[in-house]
Amino acid sequence: MKKLFEPARLGNLTLKNRLVRSATWEGLAQPDGGIKDETYTIYRELAEGGVGAIITGFTSVADNDHYFGGMMRLSRDDLIPQYRKLTELIHQAGCPVIAQLALGGFYRGNGLVEPDGMSVDEIQEVVGLFADAARRAKEAGFDGVQIHAAHFFFLSRFISPAVNHRTDGYGGSTEKRIRILLDILKAVRHAGPGLHLTAKVNSNDFTQGGLEELESLAVCKALAEAGIDSIEVSGNGTSVQGIRAGINEGYFAEFASGLAGQVDIPVIAVGGWRSVRCMESVLNDTGIAFLSLSRPLVREPDLPRKMQYGESTVSQCVSCNACYMTPSHRCIWLSVE
Ligand SMILES: Cc1cc2nc3c(=O)[nH]c(=O)nc-3n(C[C@H](O)[C@H](O)[C@H](O)COP(=O)(O)O)c2cc1C
């Protein structure tokens, strides 16, 4: 019998509870990836709010990745001290922190290049970017890294049959499309020994001709066989609106539960968790080991603490997605209260 608020092992990490902050891009970083003071405040509030572990927002591995604005970066060594300050303040609150390593898109100069147009050397360049970023993450004091292979950013597009039509060793079958992930996994493991290594993966691309559950299951199992330490299950269009506590929570739970029955590593399920009752029942009824939250922690960074001590049983988040539109992705309801 699993409990929401009990220490639990996430691979080599021990979390004080089974709640994880899912990556949430704040849009606050300087164009070069430098961290602003407001970001430190956001992460201090989260760490002190009692969550078991924090996954940072989208952190690009490339200097020239301008897929969207305000992304953090671990793309240069001179950024390491700013990220070390971030990990130190999170650790001071007794919370492990995982950097979400990501690539929005691959740019040749200023031009965006889709997977089909890339040379094998360019694919290896991407592998190297992830490995270098993992080394910097380790030097900056992160406890782990998450390979962002979801939500139709670069890696998610690369492994999707809807986008990748290559006919060489990096396309044409599931095994070949995910070869880039396995190359990255190996390179990151080598560059950042001891880091917890996780990936965020789409259970479904919800795109014509894209990944669907059966193939996603094969992708996740291949990652597990290749030695990844945990997997976070998501899907395109991840921030579903209109979630109501006790009614339609945990919209990727069915896939995550099926996956948990087939792999020996912890499965983290993201997407629409809002109440203690639903979270505890899914932990008990399935093999899912951790539940990750994004919007509820935008609304209430101290929600885990409030839930643990019985001050709250349900998130106040109304899943309106207005946080996507605000500067620094704060909750609009906070400013009207
Ligand atoms: C403002 C905002 C920014 C997000 N940024 C990221 C991100 O950087 N990386 C990522 O993998 N998911 C990101 N997400 C998606 C969340 O991690 C999560 O998968 C999704 O919102 C569903 O979980 P929830 O119902 O707990 O919000 C973001 C979501 C929001 C609302």
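The values are calculated or read from the model by the stated rules, or taken from the named source; none is laboratory data. None of the values given here were measured: they were computed from a predicted structure. Note that we place each Cβ from the backbone using ideal geometry, even for glycine, and neighbour counts take in every protein chain shown. Accessible surface is based on the protein model in full, side chains and every heavy atom, while ligands, DNA and RNA are left aside. Shrake-Rupley method; radii C 1.70, N 1.55, O 1.52, S 1.80 Å.
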Inset, instruction - For the chain, set up a Gaussian network in which alpha carbons nearer than 10 Å are linked by springs, and say which option among Ile123, Ile55, Ile288 fluctuates the most. - result: Ile123
Inset, instruction - For segment 8-336, compute the number of Lys pairs whose alpha carbons are separated by less than 24 Å, excluding pairs fewer than 8 positions apart on the same chain. - result: 15
Inset, instruction - Determine the principal axes of the Cα atoms in the chain, then give the extent along each, sorted from largest to smallest and rounded to whole angstroms. - result: 55, 42, 36
Inset, instruction - Determine the percent antiparallel among the DSSP beta bridges restricted to the chain, to the nearest 5. - result: 20 percent
Inset, instruction - Show that you can apply the helix-only estimate: for the chain, add -39,500 (n - 2.57) for every DSSP H stretch of four or more residues, divide by all residues, and state [θ] at 222 nm to the nearest 500. - result: -9500 deg cm²/dmol
Legend entry - Largest-first ordering by accessible area, 1.4 Å probe, given options His91, His151: His91, His151
Inset, instruction - Can you bin segment 69-153 into rounded, prolate or oblate? Criterion: square roots of the alpha carbon gyration tensor eigenvalues sorted a ≥ b ≥ c, rounded for a/c under 1.5, prolate for a/b above b/c, oblate for the rest. - result: prolate
Legend entry - Residue among Pro115, Pro301, Pro327 with the largest mean-square fluctuation in a Gaussian network model of the chain, springs linking Cα atoms under 10 Å: Pro327
Legend entry - Accessible-area composition of segment 8-336, carbon plus sulfur, in percent [1.4 Å probe]: 51 percent
Legend entry - Solvent-accessible surface ranking, highest first, for Tyr324, Tyr309, Tyr40 at 1.4 angstrom: Tyr309, Tyr324, Tyr40
Inset, instruction - Order the peptides 104-114, 186-196 from the highest to the lowest mean number of other Cβ atoms within 10 Å of their residues. - result: 186-196, 104-114
Legend entry - GluC sites (Glu not before Pro) restricted to segment 1-101 and DSSP loop, no more than 15 other C-beta within 10 Å: none
Legend entry - Rounded to the nearest 10 Å², the accessible area of Lys138 at probe 1.4 Å: 90 Å²
Inset, instruction - With a probe of 1.4 Å, find how much accessible area segment 8-336 has per residue, and write the answer as a whole number in Å². - result: 38 Å²
